[in-house]
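Asker: The structure under discussion is supplied below as structure tokens; questions concerning it will follow.
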Amino acid sequence: MTEYAKQVARDLLKIGAVKFAPTTPFTWASGIKSPIYTDNRMTIGFPEVRENIYNGLATLIKEHYDDVEVIGGVATAGIPHAAWVADLLKKPMIYVRSKPKDHGAGRQTEGAVVLGKKVVLIDDLISTGGSVLQAAEAVRAEGGKVIGVIAIFSYELDAADVNFAAAKLTYQSLTTYSQMVTEAINSGHLDASQYTSLQAWRENPTDWYSY
């Protein structure tokens, strides 16, 4: 997976899906100041980039969740990647809304029947894990067995590990914050002198300041 991790990190930097600004940080909706901005929705517009991603995601699934029966996409950014992975692996697919429909049958999932089936969910990124874990609960509510979560990118925050452990789930990501920082320095998107500050953010994002 090292090859995919490096290539996808380079791809995301190249197309501008990941941007670093350690001296003028971005502000998340939670109020946390962050030296990194990630928009993996951009990847669907680049055929070669998305191919590297769905091949990498499929490889991760084969390595960690080979008994999967249904591939699930988390709305909205995880849906296209789940579709490509499901096609590649020849598996049924579902997608999971952020909340149940307010009309009709009121379902939160669409697609294959998940009752009694082993499901792997795909999302574009993992920060604290909140949205994808809500999706996992929706699948479980319909009788599916979520056996794991796969993402393109993980911020490697301790909060995610705590939340996934509480939900009794594991997750894997194609590339990570640490890998991204390394590739950004190697490619000239970051100065090596900024490494310490960037690692400090990952270890304590709520109290991090670089200015």
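Asker: List the residues whose amide H sits under 5 Å from the amide H of Thr170, counting only those 5 or more places along or on another chain, with H placed 1.01 Å from N in the peptide plane.
Answerer: Amide H neighbours of Thr170: Val149.
Asker: Taking θ as phi - 60°, what are the ³J(HN,Hα) couplings along segment 143-149 by the Karplus curve (6.51, -1.76, 1.60), each to the nearest whole Hz, with x for Gly and Pro?
Answerer: x, x, 10, 6, 9, x, 10
Asker: Run lengths n ≥ 4 of DSSP H only: what is the helix-derived mean residue ellipticity at 222 nm for the chain, with -39500 (n - 2.57) per run over all residues, to the nearest 500?
Answerer: Values: 7 runs with 84 residues, N = 211.
The helix-only estimate for the chain comes to -12500 deg cm²/dmol at 222 nm.
Asker: With the chain treated as a Gaussian network of Cα nodes joined by springs under 10 Å, which of Ile94, Ile122, Ile32 yields the largest mean-square fluctuation?
Answerer: Ile32
Asker: Give the cross-link partners of Lys33 among the lysines, using a straight C-alpha distance below 16 Å as the criterion and excluding same-chain residues fewer than 8 apart.
Answerer: Counting by Cα, and skipping residues close in sequence, Lys33 has these lysines nearby: Lys19.
Asker: Filter Lys14/Lys62; Lys62/Lys91; Lys91/Lys168 down to the pairs with a C-alpha to C-alpha distance above 18 Å, please. List each step's numbers first, then the result.
Answerer: On the way: Lys14/Lys62 27 Å; Lys62/Lys91 12 Å; Lys91/Lys168 24 Å.
Going by Cα-Cα distance, Lys14/Lys62; Lys91/Lys168 fall outside the 18 Å limit.
Asker: Cα centroid distance between segment 36-102 and segment 143-211, in Å?
Answerer: 19 Å
Asker: Give the long-range amide H neighbours of Ile94: residues separated by 5 or more places, or on another chain, with amide H under 5 Å away, using H modelled in the peptide plane at 1.01 Å from N.
Answerer: So Ile94 has HN proximity to Ile71, Gly72, Gly73, Ala112.
Asker: Convert each backbone phi in segment 195-200 into a coupling constant with the Karplus relation 6.51 cos²θ - 1.76 cosθ + 1.60 (shift: θ = phi - 60°), then list the ³J(HN,Hα) values in order as whole Hz, x for Gly and Pro.
Answerer: Coupling constants for segment 195-200: 4, 4, 5, 5, 5, 5 Hz.
Asker: Going by amide H atoms built from the backbone, whose H comes under 5 Å of the H on Phe153, apart from near neighbours?
Answerer: Residues meeting the amide H criterion: Leu125, Ile126, Leu174, Thr175.
Asker: What percent antiparallel are the DSSP beta bridges of segment 82-197, to the nearest 5? Mind dumping the intermediate values first?
Answerer: Working: 3 of 16 bridges.
Of all bridge pairs located within segment 82-197, approximately 20 percent are antiparallel.
Asker: Toward the positive end of the charge dipole of segment 1-137, about the Cα centre and with charges on Cβ (Lys, Arg +1; Asp, Glu -1), which of Ala9, Gln108, Ala136 goes farthest?
Answerer: Gln108
Asker: Please tell me the relative contact order of the chain in percent, rounded to the nearest whole number, where contacts are Cα pairs under 8 Å and at least six residues apart. Before the final figure, lay out each step's value.
Answerer: Details: 386 pairs, mean separation 44.1, N = 211.
Value for the chain: 21 percent.
Asker: Let me check against my output: what whole-number percent is the relative contact order of segment 107-211, with C-alpha pairs under 8 Å and at least 6 apart? Could the numbers behind the result be given before it?
Answerer: On the way: 141 pairs, mean separation 24.7, N = 105.
Relative contact order comes out at 23 percent.
Asker: Shape call for segment 1-156 from the C-alpha gyration tensor, a ≥ b ≥ c root eigenvalues: rounded (a/c under 1.5), prolate (a/b greater than b/c) or oblate?
Answerer: Numbers: a/c = 2.07, a/b = 1.37, b/c = 1.51.
Note, shape of segment 1-156 comes out oblate.
The numbers here are math on the coordinates, done by the rules we state, and not lab data. These numbers come from a predicted model, not from an experiment. Ideal geometry is used to build each Cβ from the backbone, glycine not excepted, and the neighbour counts take in all protein chains shown.
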